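Since every read-out is calculated from the coordinates, none of them should be taken as a lab result. None of these values were measured; they are calculated from a predicted model. Note that we place each Cβ from the backbone using ideal geometry, even for glycine, and neighbour counts take in every protein chain shown.
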Amino acid sequence: MTTLETKLDEFLHAKKLLAENKRLVLAVSGGVDSITMLELFRHLRDRWNLSLIVAHVNHQLRGYESDLDEEFVRAEASRHNLPFYTARVATEPFAHQHGYSKQVAARMLRYKFLEETRKQSQADSIATAHNANDNAETVLMNSLRGTGVRGLAGIPLQDVGRKLIRPMLFCYRKEIVEFAHQNSIRFREDSSNAINTYKRNYLRNVVLPELERRFDPNIVSALNAVSVSFRSLKSETDARVQDVFPSVVTELKKDRFSLDLTSLQGHSEFLRAEIVLELFRRIEVEPSAEKVNALLSLAKNQSGRALDLSKHWRAVTNRGAIVFIPVLALPGYSQNISIGQSVSNASFSIFVSEPMRREELQPIPSRDSAFVDADRLGRELKIRPWKAGDSFLPLGMQHRKKLSDFFVDNKIPVWKKHSIPLIESAGEIVWVCGLRLDDRYKISPRTNSVVKFTFINYVS
């Protein structure tokens with residue numbers, strides 16, 4: 001065996017990343033790292049009695065170049081008589097739709113496909129070709145972003161839950177390139193690796209070489225040593241966070257979480273930050289020290305203060321807790337609706353009936369319906385969210401009341417009031433949907449014609 005083959009063999013044994021007689025999906029992009037990994041495992045295949053599968057994702061980010069990468073990997077798999085799985089994914093539309101960077105979107109789609117391939121091929125594990133330089137870049141990037149112990153631990157050797165292993169973390173990019181040249185291994189060059197507008201590329205192509213030149217020629221080794229130390233600490237921290245997390249964070253319902261501030265304050269500053277980072281990971285908010293600090297500062301504010309964590313998530317203070325709400329549940333809607341029409345969105349549906357005679361009325365089945373005097377309504381109504389300063393005359397009362405006070409009296413959480421629509425006529429609130437009718441629009445002995453409002457809430 002060559003030196004690199006021997007090192008890989010020893011690394012797999014030492015770290016218990018793989019067992020004999022297994023089926024392994026190799027994630028192959030076509031670049032030097034993954035093609036070298038393919039070559040190394042092909043040489044170790046008989047020694048470990050492995051069944052190898054090649055998987056490639058075409059992210060369609062570089063046009064014809066991406067297609068050539070796909071065809072190259074397909075040809076390599078065919079040349080070695082290995083099963084080949086591939087997929088073309090719409091990375092840019094996915095990134096735009098969900099508010100991710102192209103790199104994050106590509107990673108999510110790639111791992112999704114790799115897991116689908118593993119299941120379809122009945123493989124035991126997935127191997128990616130991350131190397132020691134990738135790990136050093138990750139440690140440096142995470143230290144700049146302030147992502148806690150997990151970030152400084154770098155790229156994990158394995159992810160048991162996703163059945164992922166990273167068997168090339170033992171070797172440096174220089175070793176990989178030398179091995180490829182010495183063995184005349186063909187590979188593809190990704191032109192986007194030279195674009196320094198990407199943060200990782202800037203660290204790789206500019207920052208790390210400058211640190212090597214000015215500070216330490218072994219900076220990559222030093223960062224990997226940091227990673228090893230923090231992996232140990234990460235294991236202990238993860239165990240502690242998992243132990244206390246259920247007492248601090250409660251899932252109120254699907255896609256809605258509450259962080260209890262009294263429980264959170266009972267832990268050290270370090271653990272508080274790690275608990276917040278763990279919650280960020282679970283709801284897929286990109287972690288950073290800035291977001292953690294902003295959230296912990298939010299905890300000191302009165303109810304009703306909000307912080308947008310991402311395109312998808314908002315944190316709102318509410319009576320001794322911070323509630324995390326999908327932004328989808330906080331619609332910025334405002335639209336007109338006519339008598340006899342309905343409107344629907346991701347958060348609710350509202351139906352306004354045609355006018356009916358009073359004698360046609362049936363009993364209201366729930367508070368999600370209301371009967372109003374049609375003669376007091378204009379033909380054009382408006383549906384809109386609550387805003388500061390709103391007031392109305394609650395049914396049964398003789399004086400106007402601020403809507404904010406009405407919410408407090410009815411124990412409506414601060415975060416929830418944003419998802420309760422109002423029906424308005426000629427600038428006056430007619431109905432706080434599902435809660436209270438304005439007294440001026442109630443049915444009276446003089447009422448001849450009635451309209452029925454119906455409200456269906458999908459997020460409360």
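When all alpha carbon pairs of region 1-127 are counted in 5 Å bins from zero, the resulting P(r) reads 2, 11, 19, 21, 19, 13, 9, 5, 1, 0 %. Across all Cα pairs in region 31-85, the calculated P(r) in 5 Å bins from zero up to the longest distance comes to 4, 18, 27, 25, 14, 7, 3, 1 percent per bin. Of the DSSP H helices in the chain, those that are both long (alpha-carbon extent of 15 Å or more along the helix axis) and hydrophobic (Kyte-Doolittle mean at least -0.5) are 3-14, 32-48, 132-145, 219-248, 269-282.
Need one word for region 234-327: rounded, prolate or oblate. Basis is the Cα gyration tensor (sqrt eigenvalues a ≥ b ≥ c); a/c below 1.5 gives rounded, then a/b vs b/c decides. Rounded, since a/c falls under 1.5.
Dipole magnitude for the chain: computed about the Cα centre from +1 point charges on Lys and Arg Cβ and -1 point charges on Asp and Glu Cβ, it is near 1060 debye.
Remark: relative contact order (region 234-327) = 26 percent; criterion is Cα-Cα distance under 8 angstrom and separation of 6 or more residues.
Return the calculated 222 nm mean residue ellipticity for the chain, to the nearest 500 deg cm²/dmol, obtained by summing -39500 (n - 2.57) across DSSP H runs with n ≥ 4 and dividing by the residue count. Display every interim value, and only then the final one.
Numbers: 15 runs with 178 residues, N = 460.
Using -39500 (n - 2.57) per qualifying helix, the result is -12000 deg cm²/dmol.
Taking every alpha-carbon pair within the chain, the share separated by more than 40 Å comes to 40 percent.
Considering only Pro385, Asn448, Leu40, and ranking their Cα positions along the charge dipole of the chain that arises from unit charges at the beta-carbon of Lys, Arg, Asp and Glu, the one farthest toward the positive end is Asn448. Dimensions of region 335-457 based on its C-alpha atoms, expressed as ranges along the principal axes with the largest first, amount to 39, 35, 27 Å.
Shown is the FRET efficiency for Ile456 and Thr250, computed with R0 = 30 Å from the Cβ-Cβ distance and rounded to the nearest 0.05: 0.70.
Which of rounded, prolate or oblate describes region 125-173 when judged by the alpha-carbon gyration tensor and an a/c cut-off of 1.5?
Working: a/c = 3.19, a/b = 1.38, b/c = 2.31.
It is oblate, given that a/c is not under 1.5 and a/b is not larger than b/c.
Quick check on region 91-214: take the gyration tensor over C-alpha atoms, sort the square-rooted eigenvalues as a ≥ b ≥ c, and tell me if it's rounded (a/c under 1.5), prolate or oblate. Before the final figure, lay out the partial values.
Details: a/c = 1.42, a/b = 1.15, b/c = 1.23.
Cα axes put region 91-214 in the rounded bin.
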